[in-house]
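Inspection log for the structure reproduced underneath, given as structure tokens.
The values are calculated or read from the model by the stated rules, or taken from the named source; none is laboratory data. Because the structure is a prediction, the values reported are computed rather than measured. Here the Cβ positions follow ideal geometry from the backbone for every residue, glycine too, while neighbour counts run over all protein chains shown.
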Amino acid sequence: MRLFPDALDLYGDSGNTQVLERRLAWRGIPARVSDVLLDSDLDSLDVQAPCIVLIGGGSDRGQIASTHALHRLEGKLRSLIDRGGVVFAVCGGFQLLGRSCVVAGERVEGLGIIPMDTVASPDGSRIIGHTAEVLGSDGTGLKVAGFENHAGRTWLDEGARPLGLTRQGRGNNGEDGTEGYWGGHVVGTYLHGPILAKNPALVDALLAMALGDDWDGVGEPDLAVLGGPLDDLLEDVAHIHAVNLATQAAK
Ligand code: GLN
């Protein structure tokens with residue numbers, strides 16, 4: 001389910017749903033992508049698990065336009081997560097899941113689903129560039145690569161787990177080496193791309209979680225719930241290319 005692609009959809013973020021849908025279709029698992037728009041009837045929205053909710057990045061304008069509607073869905077999102085659903089948010093959408101963020105100079109209250117705050121860039125600069133990271137604070141696990149472009153600096157609470165640790169690129173705040181957030185079935189990242197097209201292993205991790213694997217982001221997810229791995233020759237090439245872009249940019 002895509003939340004507010006009419007306001008939150010930078011750098012092809014809503015294409016992430018196509019990747020999820022394709023990888024399920026290749027495995028013979030039926031799926032449906034539904035769009036929730038700003039003028040959709042939010043009160044009668046029925047969000048049933050299994051479900052992956054995708055929230056994309058947005059300009060300041062897009063973030064402001066969608067904040068009220070996102071708050072109206074907070075209860076449904078929390079209850080979906082409790083029932084095993086997955087929420088995957090990118091950049092502006094990721095910021096809005098925290099307690100607070102600064103948009104166009106104004107403090108905006110977020111949903112508080114992720115224990116973090118996003119503050120304004122101290123000097124007005126943006127963090128822009130190709131990023132590669134390793135998932136899991138022990139440095140093992142999956143690699144993720146994509147492209148970040150944000151002004152906000154995000155600080156996770158102590159003990160909150162990032163999606164990954166940046167090897168190349170600047171991540172949540174350019175200082176502490178963290179990128180994104182991974183807490184149970186809630187995953188956030190600054191990486192666009194669309195990120196899932198470049199990171200088939202992350203897609204399968206999200207799908208496996210949504211379909212019942214309690215994988216927590218360390219080591220490998222159990223792909224048995226998906227009927228096993230796919231032949232990812234092309235997808236792996238896209239991933240390696242994204243990692244190489246980040247590595248070259250860091251030189
Ligand atoms: N407006 C936010 C920022 O710049 C989010 C941008 C985005 O989603 N790419 O921090």
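Structure values in brief
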| item | result |
| --- | --- |
| Matching entry among Gly85, Gly98 (being buried (at least 19 other Cβ atoms within 10 Å of the Cβ) and farther than 21 Å from Tyr11 by Cβ) | Gly85 |
| Answer from Gly141, Gly174 - the residue that is within 16 Å of the ligand (Cβ to nearest atom) and either farther than 30 Å from Val237 by Cβ or in a loop (DSSP other than H, G, I, E, B) (or both) | Gly174 |
| Which listed residue, of Glu175, Glu220, Glu235, is more than 26 Å from Gln48 (Cβ to Cβ), surrounded by 17 or more Cβ atoms within 10 Å (Cβ to Cβ) and of a type in the set (Asp, Glu) | Glu235 |
| Residue satisfying all of: in segment 82-93; in a helix (DSSP H, G or I) and at pLDDT 95 or above; nearest to the ligand (Cβ to nearest atom) among these | Gly92 |
| Residue satisfying all of: in segment 44-72; hydrophobic (A, V, I, L, M, F, W, C) and buried (at least 20 other Cβ atoms within 10 Å of the Cβ); farthest from the ligand (Cβ to nearest atom) among these | Ile52 |
| Exclusive hit being within 16 Å of the ligand (Cβ to nearest atom), out of contact with any strand residue (DSSP E or B) (no Cβ under 6 Å at 6 or more places or on another chain) and not β-branched (Val, Ile, Thr), set Asp41, Asp117, Asp123 | Asp123 |
| Residue in segment 115-126 that is at pLDDT 95 or above, assigned to a strand (DSSP E or B), in contact with a Phe, Trp or Tyr (Cβ under 8 Å, 6 or more places away or on another chain) and surrounded by fewer than 17 Cβ atoms within 10 Å (Cβ to Cβ) present | yes |
| Pairs, first farther than 18 Å from Val90 by Cβ in segment 16-28, second surrounded by fewer than 16 Cβ atoms within 10 Å (Cβ to Cβ) and of a type outside the set (Gly, Ala, Ser), C-beta under 8 Å, six or more apart | Leu24/Pro30 |
| Segment 1-21: number of residues that are within 15 Å of the ligand (Cβ to nearest atom), of a type in the set (A, V, I, L, M) and not in a loop (DSSP other than H, G, I, E, B) | 1 |
| For Gly141: the one exception among (1) surrounded by fewer than 24 Cβ atoms within 10 Å (Cβ to Cβ); (2) farther than 29 Å from Gly212 by Cβ | (2) |
| From the options Thr247, Thr154, residue that is of a type in the set (Ser, Thr, Tyr) and either more than 18 Å from the chain's Cα centre (by Cα) or more than 28 Å from Glu109 (Cα to Cα) (or both) | Thr247 |
